[in-house]
Amino acid sequence: MLTGTWFDEMFKFIERINVINVNISNEEKPEAIILDNLTTRYDDFDYKMIEEYKKFIIQLKLKARDKRILIFGSKRVLQYSINLIDLYEPIEIPSDWRGVMMLKAHGRYAEGVDIPADIVVMLGCPFYPPEVISRLAKIYSRMGFKDSWNIGRAKRNSMQKPKIILADERYNRYLNELSRYLEVK
């Protein structure tokens, strides 16, 4: 038994498998917003944008006092905001944590993360660097896959209602895919 996201193209490679799709009703979908005034694109990355992300984090901290704010991002982006947060890639996560915790999108907590949070932020689209994406695209193309993406797990049960903030204009490209899992506002 495995859990994960299944793409129909995968049947080309694994023929004898039973797939159980879990459909999410609109009532169960967490709410998400896309901040389209921010981006961490490699071709548009500058210190002005870093300052905008810092302002965003400060405003979020002020508006969500005593909340658990979980921020995922690439190390390249997170490194500029470490001084604004309470926890960064902790060895152990305290059960009673509050404030802002930052985790690397491709770090130890990226897959299967089970960290209760009131607000989950994807700081930028934590894609791999362009040269890695190019290599992976060639491999996926040879295998017959279309583009794939992942925003991680923010909701582990129906009682959790985290607010999800996708802080990068590039998420607008994925509205159709995102709407299968999130109520994008």
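Every read-out reported here was derived from the displayed coordinates using simple, explicitly stated rules and does not represent laboratory data. Not measured: the values here are computed from a predicted model. We place every Cβ from the backbone using ideal geometry, glycine too, and count neighbours over all the protein chains shown.
In this model, which of LYS12/LYS185; LYS104/LYS163; LYS12/LYS104; LYS54/LYS138 are farther than 28 Å apart at the alpha-carbon?
Numbers: LYS12/LYS185 35 Å; LYS104/LYS163 19 Å; LYS12/LYS104 32 Å; LYS54/LYS138 35 Å.
Listed pairs above 28 Å: LYS12/LYS185; LYS12/LYS104; LYS54/LYS138.
Which loop-located GluC sites (Glu not before Pro) does the stretch 45-111 contain, where loop means any DSSP state but H, G, I, E or B and the Cβ has at most 14 other Cβ atoms within 10 Å? Write down the numbers at each step before the final one.
On the way: sites: GLU51, GLU52, GLU92, GLU111; in loops: GLU92, GLU111.
Of the GluC sites (Glu not before Pro), the ones in loops of the stretch 45-111 whose Cβ has at most 14 other Cβ atoms within 10 Å are GLU92, GLU111.
Along Cα→Cβ, 7 Å out, is where each label goes; now give me the distance between the ones at TYR88 and ARG76 in nm to one decimal.
Modelled inter-label distance: 1.8 nm.
Taking amide H positions as placed 1.01 Å from N in the peptide plane, with prolines and chain starts having none, which residues 5 or more places from VAL184, or on another chain, fall under 5 Å of its amide H?
ALA32
In whole Hz, what ³J(HN,Hα) sequence does the stretch 163-169 give by Karplus (6.51, -1.76, 1.60; θ = phi - 60°), x for Gly and Pro?
For the stretch 163-169, the Karplus curve yields 7, 10, 10, 9, 8, 5, 4 Hz.
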